[in-house]
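Presented below is the structure to which this report refers.
The values are calculated or read from the model by the stated rules, or taken from the named source; none is laboratory data. For clarity, every value in this text was computed on a predicted model and none was experimentally measured. Every residue, glycine among them, receives a Cβ derived from its backbone with ideal geometry; neighbour counts consider all protein chains shown. These accessible areas exclude ligands, DNA and RNA; they are computed on the full protein's heavy atoms, side chains included. Shrake-Rupley method; radii C 1.70, N 1.55, O 1.52, S 1.80 Å.
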There are 2 protein chains.
Amino acid sequence: MKRQNLRTLALIICTLSYLLIGAGVFDALESKQEKTQKGKLDYRKFLLMHKYNLTRLDFDQIEKVVLLLKPHKAGVQWRFAGSFYFSLTVITTIGYGHAAPSTDAGKAFCMGYALLGIPLTLVMFQSLGERINTFVRFLLHKAKKCMGLRRPEVSMANMVIIGFFSCVSTLCVGAAAFSHYEGWSFFHAFYYCFITLTTIGFGDYVALQKDNALQNDPHYVAFSFVYILMGLTVIGAFLNLVVLRFMTMNTQDERRDAAQRALLSKDQQIGSVLRRPDPPSPAAAGRDKRRGLKSVYAEVLHFQTVCSCLWYKSREKMVILPQDMSFTDALMEQSDFFEPGPTGCVCNPQRCSAISTVSADLRNISPFRLFSKRRSSV
Amino acid sequence: MKRQNLRTLALIICTLSYLLIGAGVFDALESKQEKTQKGKLDYRKFLLMHKYNLTRLDFDQIEKVVLLLKPHKAGVQWRFAGSFYFSLTVITTIGYGHAAPSTDAGKAFCMGYALLGIPLTLVMFQSLGERINTFVRFLLHKAKKCMGLRRPEVSMANMVIIGFFSCVSTLCVGAAAFSHYEGWSFFHAFYYCFITLTTIGFGDYVALQKDNALQNDPHYVAFSFVYILMGLTVIGAFLNLVVLRFMTMNTQDERRDAAQRALLSKDQQIGSVLRRPDPPSPAAAGRDKRRGLKSVYAEVLHFQTVCSCLWYKSREKMVILPQDMSFTDALMEQSDFFEPGPTGCVCNPQRCSAISTVSADLRNISPFRLFSKRRSSV
């Protein structure tokens, strides 16, 4: 089975298993508490109905009004500040649901707004996250050089550790702030920040819903918005560093497979072009050009494959090219494939021909042996 | 300013502007309705308090019980089916909030569960989405060939149209089903499917919350779970096709810039290696090897840049390499850069030297002129 299909199947099985495990654990943790809580609440309801002489119908009437009044209880939700807060929860897909459009026009606009806004926001956070990672990498490299470390290169492990601690710090700062402003415990405020910045957004804890804060406390409103945006940036940077590469794995592999198929199917054209001794006629030259161009395209794709593989290998070996081109010894030891020819250049006709005139079993060609290993990060 | 920085800045400005526009429109659409609704509900509350002779304190007591009873009213939430539903909303980040962990242990486990589950799910949906896109591309290519079309290649436009209509169909099928099961209007059910499959998940409309469906209607429960997973797959496939490339733009550009910097800074090493007539001493050979390897690495990176650029250009010109290597005429016309040398190979020492010994103004080198244009899809 193709690697990509196997990988996809494995991921599906893992995810479904993960769901089943989660279901079991949540059942064990919450089911008993739910039953107990329901029993207590039903009894309280019974006492209240008895105390105020309410029938079931009466209680249902009051219940309906209470539930409809819930968002209003938290303050005005749809003035500019509240609408900005709502728009933020839409395009970031947090979606607390503390407020939701009640008009059909609002619902329709919400869908159109999300349709454009969500991809825009995804790309923005990834873009900004990548910039932040590059800057942090640059700073860390400079810091390592200043400290006179023997190997000043910035490794993936360095970046992951910094990213992780940035995320945890962001959550802690938010937890401290919101526990102060909202009167939540630190743990509950941390839980709120986590649920927000992962964009799950249950809505069980929502900031800016006490004492009409959206209208009365502009500083806290501004802090909340800035916190959410910056927090999502930090999380986005971490995702860009760690997760994004895995999201493009299948596409990379598909590209590589296509290049290999192209080389295998077009080795004959290369062979015929190589064997041709005399200058061709114009018609034949046109046909040869077409075949030659196809072969050339296949070779370019192959170089891309080879180069991509080298890039990933070099990144795994901790070479993130800084301005002054420091290399790890490991990479240099590995690069024996790239023996410069007499002109000092890696490319020469013999190597091109060797790569192009491949046999069906690619492993017999030594360059392919080097690059047919799977990238160790995948 | 660097291209990546400019792009990121533009995206930030766009997103903030988009938020402001959204805030203004939602304010205009919902603010008046909110005011009207609050007025009506306050009046109904006043009437009820008067009717049942309830003080403000009494009403607050009843209100508290009603709000706590709300999730229980929708049925048992934490048995296995309900917990599975909840786990699904966590790892997909839908996060309706119809149920949320009430115990601290549940909250803590929820965070840990999301920490691993969300990246796993992201990668799984992208992987599966890519496989689906590849399969659809294959099918469409076969269909075009069967129909005897002159140009059977599958274009990006074809894929986007198919993807878009798949998404709309998925939403319509869901809307029809949930409007039947839940008693919602088609529009409200469509809105629910949209908010679910974009993972916003307000929680204003939540399936499986009527008549204790989670316990009593296993077929509907299974349908809902399958619909959410398949719907997210279809959306994920569309995102993989359209959005994912934009999320890696900065990384691609950074790679290209690094390659160009490497070439510029190491042209001297190539020059010195080219000029060396005699076999070097072992010490000098080691130094030359190091410099030569660095130059070779820089050249490989350059080829990767060139190859990546060609790949993207070819993709824009609608060449998705099918098994039989069909090419567009446009690509072949464009590929005049790749004049095969006398051996039929694109690589020859003269071209390598020409690329390597770059002047400070890259535009004077004709290969760079071709590839310094921005990809038109970015």
- segment A:90-146 - accessible surface per residue (Å², probe 1.4 Å): 35 Å²
- Task: Once the label point is placed 7 Å from Cα along Cβ, list for A:Leu149 the distances to the corresponding points in the other copies, in nm, shortest first.
- Result: 5.4
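Taking the Cβ-Cβ separation of A:Val242 and B:Arg44 as r and a Förster radius of 45 Å, what is the calculated FRET efficiency to the nearest 0.05? Walk me through the numbers before you get to the answer.
Values: r = 52 Å, r/R0 = 1.15.
Between A:Val242 and B:Arg44 the formula returns 0.30.
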- How much accessible area does B:Val25 have with a 1.4 Å probe, in Å² rounded to the nearest 10? 40 Å²
- Note on the structure: Out of A:Pro119, A:Ser102, A:His141 - ranked by how far each Cα lies towards the positive end of the dipole of segment A:57-141, with unit charges on the beta-carbon of charged residues - the top one is A:His141
- Over both sides of the B-A contact, add up the buried accessible area with a 1.4 Å probe and give it to the nearest 100 Å². 15600 Å²
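Mind checking B:36-42 for the average number of partner chain beta-carbons within 10 Å of each residue's beta-carbon? Numbers along the way, then the final one.
On the way: counts 0, 6, 7, 1, 2, 7, 3.
Mean shielding count: 4.
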- Item | segment A:96-175 versus segment B:162-204: alpha-carbon centroid distance in Å | 30 Å
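Computed FRET efficiency, Cβ-Cβ of A:Lys70 and A:Ala10, R0 51 Å: what is it to the nearest 0.05? The partial results should precede the final answer.
Numbers: r = 44 Å, r/R0 = 0.86.
Efficiency, rounded to the nearest 0.05: 0.70.
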- Query: So if R0 is 45 Å, what FRET efficiency would B:Arg151 and B:Ile21 give, r being the distance between their Cβ atoms, rounded to the nearest 0.05?
  - Reply: 0.65
- Message: Label position 7 Å from Cα toward Cβ: report the copy-to-copy distances for A:Asn212 in nm, one decimal, ordered from shortest.
- Response: 4.3
- Over the whole of A:127-135, what's the average partner chain Cβ count within 10 Å per residue? Rounded to a whole number, please. 6
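Where the accessible area of segment A:41-137 is counted over protein heavy atoms with a 1.4 Å probe, how much of it, in %, is carbon and sulfur?
Values: 2570 of 3910 Å².
The C+S portion of the solvent-accessible surface of segment A:41-137 is 66 percent.
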- Query: Name the residues of segment B:201-217 whose accessible area, probed at 1.4 Å, falls by at least 30 Å² once all protein chains are in place instead of their chain on its own?
  - Reply: B:Phe202
- For segment B:1-134, what class follows from the C-alpha gyration tensor (a ≥ b ≥ c being the square roots of its eigenvalues): rounded when a/c is under 1.5, otherwise prolate if a/b is larger than b/c, else oblate? oblate
- Shape of segment A:190-266 from its Cα gyration tensor (a ≥ b ≥ c, root eigenvalues): rounded if a/c is under 1.5, otherwise prolate when a/b > b/c, or oblate? prolate
- Task: Between A:Ala28 and B:Ser102, with labels modelled 7 Å along Cα→Cβ, what's the label distance in nm to one decimal, could you check?
- Result: 2.1 nm
- Given label points at 7 Å from Cα along Cα→Cβ, what nm distances, shortest first, separate B:Val173 from the same residue in every other copy? 4.5
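Are any of the pairs A:Lys210/B:Lys107; A:Lys266/B:Lys266; A:Lys64/B:Lys51; A:Lys210/B:Lys45; A:Lys45/A:Lys107 more than 25 Å apart by Cα-Cα distance, and if so, which?
Values: A:Lys210/B:Lys107 22 Å; A:Lys266/B:Lys266 35 Å; A:Lys64/B:Lys51 16 Å; A:Lys210/B:Lys45 21 Å; A:Lys45/A:Lys107 34 Å.
Where the Cα-Cα span goes over 25 Å, the pairs concerned are A:Lys266/B:Lys266; A:Lys45/A:Lys107.
Just checking the output field for A:78-91: average partner chain Cβ neighbours within 10 Å of each residue's Cβ? Walk me through the numbers on the way to the answer.
Numbers: counts 11, 7, 6, 2, 6, 12, 7, 3, 6, 10, 4, 2, 7, 6.
Mean inter-chain Cβ contacts per residue within 10 Å come to 6.
With +1 on each Lys and Arg Cβ and -1 on each Asp and Glu Cβ, and nothing else charged, work out how big the dipole of segment A:144-266 is about its Cα centre, in Debye to the nearest 20.
Numbers: 10 positive and 8 negative charges, 196 e Å.
Charge dipole, segment A:144-266, about its Cα centre: 940 debye, nearest 20.
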